[in-house]
Amino acid sequence: MLRRIKSLFSSPSSPPATPADQWTAVDAYLTSLLLPADPALDQALRVSQTAGLPAIQVSPLQGKLLHLLAKSIGARRILEIGTLGGYSTIWLARALPPDGVLITLELDPKHAAVARENLAGAGVSERVEIHLGKALDSLARLAEENQPPFDLIFIDADKPNYPAYFEWSLKLSRPGTLIVADNIIRKGRIIESHSGDANVEGMRRFLERVAGEPRVSTAALQTVGSKGYDGFALILVEQ
Ligand SMILES: C[S@@+](CC[C@H](N)C(=O)[O-])C[C@H]1O[C@@H](n2cnc3c(N)ncnc32)[C@H](O)[C@@H]1O
Ligand SMILES: [Mg+2]
């Protein structure tokens, strides 16, 4: 596999057919070079696919990025909005110390059941709570319970609710909390001011709200790879 991917780049006579093929090949090359075989994560993807879940989880290298971000800030409490089969959850949970906690919010009971199985397979169940239901209800409950602030919040659920997820994230943060928002570029459609697409419009409202919020400092990155053309926002709560 690695040899085949390398040959795509070493042989000018066989360039990848399209830019997307090239991003995918480069992603595969970097993944095979940088990420050791990981039976628990591979199994999680297989279980999710067999259960019929959509393959909309982060890529392996994006999962590693989340893991490194969590580790580099010494996160002890992580909140994830959007669990799916628990793939990003495993990456994030593995960054926690043994007494760390990750709360992940999921609407779909079938997704939550698959995630439960995958988290057990990866040996991280003890550190993870799945809260089933609409994320907006779960977030309100977390705030009511006066939970200690989270160190890292990963927003990766329904896009029209991103602005509301940001408001709750601020409430559940402290200065120093890192908020990571996935899928902000929408294949480039984020620059369309009248797209008529609820996901694009939600994301634009989210980015505009973030831009106007004086308590945070934000970077936004476009990404290409096995998950196509998209991007992340990295938002640091400063006050
Ligand atoms: C993109 S997937 C999450 C992928 C996951 N973070 C990963 O990378 O492995 C989004 C998930 O959010 C869930 N979701 C959608 N709307 C939701 C809502 N209102 N409340 C909670 N979860 C929701 C979907 O069921 C889906 O499982
Ligand atoms: Mg995503």
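The values are calculated or read from the model by the stated rules, or taken from the named source; none is laboratory data. Because the structure is a prediction, the values reported are computed rather than measured. Reconstructed Cβ throughout: ideal geometry from the backbone, glycine too, with neighbour counts over all protein chains shown. These area figures cover heavy atoms from the full protein model, side chains too; ligands, DNA and RNA do not enter into them. Shrake-Rupley method; radii C 1.70, N 1.55, O 1.52, S 1.80 Å.
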Inset, instruction - Could you let me know the centre-to-centre spacing of region 25-66 and region 206-232, using Cα atoms, in angstrom? - result: 22
Inset, instruction - Return the distance in nm (one decimal) between the two label points of a simple spin-label model at residue 195 and residue 17, each offset 7 Å from Cα along Cα→Cβ. - result: 2.7
Inset, instruction - Using only Cα atoms, find the angle between the long axis of helix 60-72 and the longest principal axis of the chain, and express it within 0 to 90 degrees, rounded to the nearest 10. - result: 40
Inset, instruction - Quick one: among 209, 94, 116, which has the greatest mean-square fluctuation in a GNM of the chain with alpha-carbon springs under 10 angstrom? - result: 209
Inset, instruction - Using label points projected 7 Å from each Cα along Cα→Cβ, tell me how many nm separate residue 33 and residue 46, to one decimal. - result: 2.8
Legend entry - Degrees separating the helix 109-121 axis from the principal Cα axis of the chain, which is the longest one: 70
Legend entry - For residue 80, residues with placed amide H under 5 Å, excluding near neighbours: 103, 104, 105, 154
Legend entry - the chain: angle of helix 198-211 to the longest principal axis, Cα-based, in degrees nearest 10: 60
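When only C-alpha pairs under 8 Å and at least 6 residues apart count, what is the relative contact order of the chain, in percent? Please report the intermediate quantities before stating the final value.
On the way: 414 pairs, mean separation 41.6, N = 239.
17 percent.
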Legend entry - Cα coordinate range in region 33-111, projected on the principal axes (Å, largest first): 35, 34, 18
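Which of the residue pairs 64/171; 159/187; 159/227; 64/134 have a Cα-Cα distance greater than 22 Å in the structure shown?
On the way: 64/171 27 Å; 159/187 14 Å; 159/227 17 Å; 64/134 27 Å.
Too far apart for the 22 Å limit: 64/171; 64/134.
With the other protein chains left in place, how much accessible area per residue, in square angstrom, belongs to region 60-237 at a 1.4 angstrom probe?
Details: 7650 Å² over 178 residues.
With the other protein chains kept in place, region 60-237 gives 43 Å² per residue.
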Legend entry - Segment residue 208-residue 134, length gained on full extension (0.36 nm per residue, minus Cα span): 24.3 nm
Inset, instruction - Averaging sequence separations of C-alpha pairs under 8 Å and six or more residues apart, then dividing by the length of region 70-143, give the relative contact order as a whole percent. - result: 33
Inset, instruction - Write down Rg/Rh for the chain, rounded to two decimals, with Rg from the C-alpha atoms and Rh from the Kirkwood relation over Cα pairs. - result: 0.97
Legend entry - Percent accessible area from carbon and sulfur atoms, region 22-160, protein chains only, probe 1.4 Å: 57
